[in-house]
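The values are calculated or read from the model by the stated rules, or taken from the named source; none is laboratory data. This is a predicted model, so every value here is computed, not measured. All Cβ positions, glycine included, derive from the backbone under ideal geometry; neighbour counts span all protein chains shown. Just the protein is used for accessible areas: all its heavy atoms, side chains included, with ligands, DNA and RNA removed. Shrake-Rupley method; radii C 1.70, N 1.55, O 1.52, S 1.80 Å.
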Amino acid sequence: MTKDDFADAFITKWKKSGGAEMANSQLFLTELCDLLGVPHPDGTTTDTSTNNYVFEKAVQFNNGDGTVSNGRVDLFKASCFVLESKQGSERKAAEAAEALATKTRTTKKLAGTAARGTPAWDRAMKAAYKQAKGYAEAIPNEWPPFLVVVDVGFCFDIYADFSGTGKSYVPFPDPRGYRVHLDCLRDERTRELLTAIWTEPHSLDPSKISAKVTREIAERLAKLAKSLEADHEPEVVAGFLMRCLFTMFAEDVELLRPDSFTELLLSLRTEPQNFKPMAEALWESMDTGTFSTILREKVKQFNGKFFKDKTALPLNHDQVELLVEAAQYRWEEVEPAIFGTLLERALDPVERHKLGAHYTPRAYVERLVMPTVIEPLRQQWDATYAAASQLDEEGKRPDARKLLREFHGQLCETRVLDPACGSGNFLYVAMELMKRLEGEVLNTLREFDEAVLPGLTIDPHQFLGIEVNPRAAALAELVLWIGSIQWYKRTRDTVNIPEPILKDYGNIECRDAVMTRDSIEPVVDDAGNPVTRWDGRTTKPHHVTGEEVPDEDARVQEVRYINPKKAEWPETDYIVGNPPFRKRSE
């Protein structure tokens, strides 16, 4: 029997299981292991610390008052997942209620099984998710990367947190695709996904997958930037390359015809002298949303800032080749959480030598953004969802919908500020995590038969930054737009973004976040000679140790601020950065 035949037989058998999830859970999961080609769970032992892959894993909950209570995980695999069956969660809730309620009332509780696809069923699935998260918290010394909620014979809900903190279990890979229905097991990719959760869960970490692509792209752009700086100022080169890379990204996410810019570059290998006029003509069309004679079709209007300056640089054959190499990467897979940092280093002659050096991993950024922004918002969402569910059970669905709509509207106006945003890594992570929460909210609105208002969504206007470095400020804006468009594409069947696609929100300000002043004047000594200082950035290898030390020849003019004053920050709800700050009190 082939794998596909095995999958068909498995699906046919278990679709008939109906409402008997509680009785069938262990047999279902054992046969699922056979389908995936992974070992069956082990038998349990009296030493619970050795029960690393078992059904009914025993755990203890600390009640916070010196007492403990006991629980059992439906299926546990150390360093991989906690799995909870929906009916298993209902069973445990019923058993707890039995000690406090009459037999008649308990019997009524056990008799009610929510119809699949209804808000009541979804509440049962969410309750099982919370049960699984509680078990993960109770297991000593580890937070497994995955939580799986199973409705036997129907679906798997998959949640992931690769940070190792347990603070960010979110629908995986996103709120649109986290629910895997039983029929999907006919797809080999779905079976490979579940196999990886059982065997190599961290191989599914998207930040690790995209980090490799991001670093390779940055290295190509650094090489090209260095070549172009022989004839052009670094700031001009940086602006030009940002236009090139966004065009590459646009074709990969189908905002331009797929491969259209890459095909143009390939055609210019033998005539590089034509690159400058053809690129400028394309960017003119992208700015205004008109017919492109270069691509021979009307293109979307991008507008915003990126194509206001349409200047392209003349390229030789080798430089066109470097652009071709960069264009052939899958730009939709770049990781914005590190892209800004690596690109800033690639485009800065002083910082370029640090391209291979350490950067702040996404997981570290999440550990700051989660408690500062996401946990408070999630607490509000949990309270809103509970209140809406209660209203729905009372037959007040219009009131429940209103409550959900109001929360979504509030979420889409929540502002986050990074007063020293650099290339936007903290702001991007905050935006992506808020988009994941928004996905859960939108799923719930649909479950309550509520239409989602078009155009109402989290977007870059809510993420405010202040940055004194013009290149970094421009990159921060670019990072937010790339991240926003990536998320849009992941969660929709088509990329039908309202035009203009890029909007000039003015959310990233290029200025000093600490002080403002009336003017600046150069400092001179008594003889009228300029007073200079080390530029604070440029280094050189020490002649003995070889370590990087300040280059005393890299000097900048010392200046004096005239009438300095405290800088004002824009109104915001949360402030992120390093160190993080909690929500500002009114």
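Taking the range 298-419 on its own, what percent of its Cα-Cα pair distances exceed 20 Å?
71
What is the extension gain from Q410 to K15, computed as 0.36 nm multiplied by their sequence separation minus the C-alpha to C-alpha distance, in nm to one decimal?
In short, 138.1 nm is gained.
Calculate the tail of P(r) for the range 500-554: the fraction of all Cα-Cα distances greater than 15 Å, expressed in %.
74
If you place +1 on the Cβ of every Lys and Arg, -1 on the Cβ of every Asp and Glu, and leave all else neutral, what size is the dipole of the chain about its Cα centre, to the nearest 20 Debye?
Roughly 1680 debye, rounded to the nearest 20.
In square angstrom, rounded to the nearest 10, how much accessible surface does K354 have for a 1.4 Å probe?
70
Name the lysines eligible as straight-distance cross-link partners of K566: C-alpha to C-alpha under 27 Å, and not fewer than 8 places from it in the same chain.
Partners within reach: K583.
Taking the Cα atoms only, what angle lies between the long axis of helix 317-327 and the longest principal axis of the chain, rounded to 10 degrees?
Value to nearest ten degrees: 20.
Which of the peptides 433-443, 62-72 is most tightly packed, and how do the rest follow, going by the mean number of other Cβ atoms within 10 Å of each residue?
Ranking, from highest mean packing down: 433-443, 62-72.
Give a residue-ordered list of calculated ³J(HN,Hα) values for the range 392-405 (Karplus: 6.51 cos²θ - 1.76 cosθ + 1.60, θ = phi - 60°; whole Hz; x for Gly, Pro).
Per-residue couplings from phi come out as 5, 5, 8, x, 10, 4, x, 5, 5, 4, 4, 4, 5, 4 Hz.
List the GluC sites (Glu not before Pro) within the range 316-396 that fall in a DSSP loop (any state other than H, G, I, E or B) and whose Cβ has at most 12 other Cβ atoms within 10 Å.
Answer in residue order: E394.
Would you compute, from DSSP H runs of 4+ residues alone, the mean residue ellipticity of the chain at 222 nm, taking -39500 (n - 2.57) per run and dividing by the full residue count, rounded to the nearest 500?
My calculation for the chain gives -14500 deg cm²/dmol from helical runs alone.
Taking the full set of protein chains and a 1.4 angstrom probe, give the accessible area of V544 in square angstrom, rounded to the nearest 10.
Looks like 110 Å² after rounding.
If Lys and Arg each add +1 and Asp and Glu each add -1, what is the summed charge of the other residues whose beta carbon sits under 11 Å from the beta carbon of W331?
Once positives and negatives cancel, what remains is -3.
If you roll a 1.4 Å probe over the range 450-586 with all protein chains in place, what percent of the accessible area is carbon or sulfur?
On the way: 4280 of 8100 Å².
Roughly 53 percent of what the probe reaches on the range 450-586 is carbon or sulfur.
Considering just Cα atoms, how many Å³ per residue does the convex hull of the range 347-487 enclose?
Working: hull volume 15.4 nm³, N = 141.
Enclosed volume per residue, from the Cα hull, is 109 Å³.
How much net charge surrounds E251 when only the other residues with a Cβ under 12 Å from the Cβ of E251 are counted, with Lys and Arg +1 and Asp and Glu -1?
That works out to -2.
Rg(Cα) of the range 423-502 divided by 2.2 N^0.38 Å?
1.21
Over 31 Å, how big is the tail of the calculated P(r) for the chain, in percent of all Cα pairs?
Details: 100143 of 171405 pairs.
I get 58 percent for the Cα pairs in the chain exceeding 31 Å.
Give me the three principal axis extents of the range 112-177 from the C-alpha atoms, as integers in angstrom, largest value leading.
Cα extents, longest axis first: 37, 25, 19 Å.
Output ³J(HN,Hα) for the range 552-559: one whole-Hz value per residue in order, computed from phi by the Karplus curve 6.51 cos²θ - 1.76 cosθ + 1.60 with θ = phi - 60°, and x for Gly and Pro.
In residue order, the calculated couplings are 5, 7, 8, 10, 10, 5, 6, 10 Hz.
In what sequence, highest mean first, do 197-207, 247-257 appear when ranked by Cβ atoms within 10 angstrom?
My ranking of the peptides, most packed first, is 247-257, 197-207.
Pairs K208/K305; K276/K540; K308/K354; K126/K396: which exceed 25 Å Cα-Cα?
Where the Cα-Cα span goes over 25 Å, the pairs concerned are K208/K305; K276/K540; K308/K354.
Ignoring ligands, DNA and RNA, what percent of the accessible area of the range 119-188 is carbon or sulfur (1.4 Å)?
The value for the range 119-188 is 51 percent carbon and sulfur by accessible area.
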